[in-house]
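The values are calculated or read from the model by the stated rules, or taken from the named source; none is laboratory data. Please read all numbers here as calculations on a predicted model, not as lab measurements. Cβ atoms come from the backbone with ideal geometry, glycine included; neighbour counts cover every protein chain shown.
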Amino acid sequence: MAEKEQFDRDYYQRFYFDTRTAVTSRAEMNARGRLIAGFTDHVGQPVKRILDAGCGVGLLRAPLRRAWPKAEYVGLEVSQYLCKRYGWRLGGIQDLKTREQFDVVICYDVMQYLKPAEARCAFDNLARVCRGVLYFGALTKEDWEENCDQSRTDPAVMLRKGAWYRRQLARDFRHMGAGFWLRRDSPLYVWEMDTAGSR
C-alpha cells in the first residue's frame, strides 16, 4: 500500500475547511494579506512577482492580488491534493530549484515541518529567490507552550525556539519586526527605529 500523504484531504478538512477545528479563517488571512501589502508598499518595494511558499489552500492569494493586480502570484505547495485542486506548483521551498527571483516571498507555517537538513536548504533557497521582502512565520516552541490553541494546531512538527529561526534568517536578511525581513543587499532603506534590532 502506498504511504498516506501527510498533507491530504483529511489534513486540510481538519485544519482549514471545518470551521470548528480550523487553525485560521479567511478574515484573518485577508488581514494578513493587507499587512504584507501595506508593509511592502511602505518600504517602496515594487511588486511584479510573488512567491507563496507553502501556500496551502491559497488564502493569501486574493488579498495579494487585490493589492497588486498586475503581479504574478506563484503558489508553491508540497501537497499533491492541493496542487491538483488549485493548480499550484508542486514542490517545497527546501528543494526549490529555480533561477527565478521574486519581489515578495511568503514562507508562513512551513519551516516547522522541515527536518534540520531540509530547513538549512530552505533558508538558503529563501535567500536565493527573494530579492526584496520576506514575510516569515513558523510555529515555535514558545508559541506551542504559551500562545497557540493546541486543539487546533498540528502537533506533528519540529518545535524550535524563535531565536533559532532569527539566527538563520539574519545571515541574509534584516529583521523589520512583525514577521518582515529585508534582504541585506536590497537597495531599500528603512529608518533605524523601524527595524526590530541591531544591524
Query raised in the report: Of the residues R183, R167, R89, which single one is out of contact with any Asp or Glu (no Cβ under 6 Å at 6 or more places or on another chain) and either surrounded by 16 or more Cβ atoms within 10 Å (Cβ to Cβ) or on the phi > 0 side of the Ramachandran plot (or both)?
Result: R183
Query raised in the report: Mind checking which residues of the range 94-120 are buried (at least 17 other Cβ atoms within 10 Å of the Cβ) and either among the basic types (K, R) or farther than 20 Å from W68 by Cα (or both)?
Result: Q94, L96, D109, V110, M111, Q112, Y113, L114, A119
Query raised in the report: From the residues in the range 5-21 that are outside any helix (DSSP H, G or I) and within 22 Å of L76 (Cβ to Cβ), which one is modelled with the highest pLDDT?
Result: F7
Query raised in the report: Among the residues of the range 147-170, which ones are among the hydroxyl-bearing types (S, T, Y) and within 18 Å of C121 (Cα to Cα)?
Result: Y165
Report summary line: Per the filter on the range 129-150, residues assigned to a helix (DSSP H, G or I) and under 19 Å from C55 (Cβ atoms) are V129
Report summary line: Requiring at least 3 residues that are under 29 Å from D10 (Cβ atoms) and in contact with a strand residue (DSSP E or B) (Cβ under 9 Å, 6 or more places away or on another chain), the helices (runs of 4 or more DSSP H) wholly within the range 23-122 are 61-67, 80-86
